[in-house]
């Protein structure tokens, strides 16, 4: 199982090496992947509570100088070999790993399995268990808190790129036309992009350690979900056992990278409350340029 996860070598080749059937290899990989998640999830990716979120926000501020931030959010396509009789449901034969990442490049939460055909980030996020749990209150977020050296309170937020919707609990950059006419908006976008590099780095670290993610998974969609979840929990376990992450990214030398999940831009109009939250952060950063 670990050889497959770390190299992505085909089941056929593993079967030949160990003189067992290809179906036996597939069965072992799936069962071990399930066992990895079931045995490590409570320790290395527990469901966050309010205290966990507060600690994560403190870490984010200390490392990335972005207050009231619960984590960066992004998605990654995972390629599959075409499922039998799937038609156009699995566009490009991919599923989606949607992840929220903390300041230490750990996966705070993951949602795996959204159909690759849902190439709009708003659709992927809105249909995810993460979003549903936020909306129905089963994922309790901390109460609003005053921003450092600033008079106003602000909600705790996740941070995404321009492909995600703007919500009171989810910040995205200002559109380009706004940035061209506003130095404050431009600086806000820089600070947001700088802080959300954690999620891009996490995907990079994960793919470097588990090269199976760079290849096509040759199982059913259901089993592919188990494999990807096992990789995510192993990613966290490795970071937790190391003193420092394997890849150190200086927060003073971060440049905006390409989106892991190439999605269409969101066109839906945000609420006034969501716009106000972004304005609060924009004003905060314009007064705290450090």
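Compute the distance from the alpha-carbon center of the stretch 22-49 to that of the stretch 140-210, in whole Å.
Cα centroid to Cα centroid, the span is 31 Å.
Taking R0 as 35 Å, what FRET efficiency do you get between residue 240 and residue 16 from their Cβ-Cβ distance, rounded to the nearest 0.05?
On the way: r = 35 Å, r/R0 = 1.01.
E(calc), rounded to 0.05, equals 0.50.
By average Cβ neighbour count within 10 Å, what is the ranking of 26-34, 8-16 from highest down?
The packing order, highest mean first, is 26-34, 8-16.
Just so you know, all these numbers are worked out from the coordinates, no wet-lab data involved. Everything quoted here is computed from the prediction, not taken from an experiment. Note that each Cβ is placed from the backbone with ideal geometry, even for glycine, and that neighbours are counted across all protein chains shown.
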